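The values are calculated or read from the model by the stated rules, or taken from the named source; none is laboratory data. Only a predicted model underlies this, so the values are computations on that prediction, with no experimental measurement involved. Ideal geometry is used to build each Cβ from the backbone, glycine not excepted, and the neighbour counts take in all protein chains shown.
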Amino acid sequence: MSDREGKMEEVLTAVAGLMALAARTAPKAKGKDYLEIKILQKEERERLAAGMVAYAQQSGKKHFARDGENVRRSEAVLLVALHASQPAGLNCGACGFARCSDFQGETLTDAEFSGPACAWRLLDLGIALGSAAKTAALHNADNRMMYTIGAVARALKLIEGNLAVGIPLAATGKNIYFDRPSLQDLPGV
């Protein structure tokens, strides 16, 4: 790693720390915080990237491999997960159940994420992710929210939670998260 690359990783890790702060302090429904937030270090980022490529090969979902290569080229990755959330107790029906007590104990586990989840807690996650991405943008760090990162990070036990999303960070001449091949242009996995 060159001195320039090492310095950029240090700067982007600091930006990821500010993003974590923004996610943590973002407003939460009824003032309850059910988020888990983690910044991946170099070895964990490589493990995640390899896991994403392996998952693409296993599942046939090419976008996991493409996103895994983005993670491999990133200097930092922020993970945000909705962990051990409890329903907001509003009985609003937004989750698909008439009462909060109706879906407690129900769990879908044979998917990339587990649920059901309280819609208000999902909004908390979205607001936290938006705050984190805004913070990255304020510091001119290339970033993109990726559900693929969260799915594999959960499977690898890099973070716990029912639903997780990752935001990788890079600083290059062209944004690697948007200037990338389309899925049709990718070789088969």
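Tabulated data for the structure shown
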| quantity | calculated |
| --- | --- |
| Breaking point among (1) surrounded by fewer than 23 Cβ atoms within 10 Å (Cβ to Cβ); (2) at pLDDT below 95, for MET145 | (2) |
| Hey, THR172 β-branched (Val, Ile, Thr), over 28 Å from GLY60 (Cβ atoms) and at pLDDT below 95 or not | yes |
| Criterion: out of contact with any strand residue (DSSP E or B) (no Cβ under 8 Å at 6 or more places or on another chain), farther than 24 Å from ARG180 by Cβ and among the basic types (Lys, Arg) - qualifying residue of LYS32, LYS42 | LYS32 |
| Failed criterion for ARG121 (all others in (1) surrounded by 22 or more Cβ atoms within 10 Å (Cβ to Cβ); (2) touching a helix residue (DSSP H, G or I) at 6+ places or on another chain (Cβ under 6 Å); (3) not hydrophobic (A, V, I, L, M, F, W, C) hold) | (2) |
| Residues of the range 152-186 classified as among the aliphatic types (A, V, I, L, M), surrounded by fewer than 24 Cβ atoms within 10 Å (Cβ to Cβ) and either part of a helix (DSSP H, G or I) or free of Cβ contacts under 8 Å to residues at least 60 places away in the same chain (or both), total | 2 |
| Failed criterion for ALA76 (all others in (1) surrounded by 19 or more Cβ atoms within 10 Å (Cβ to Cβ); (2) at pLDDT below 90 hold) | (2) |
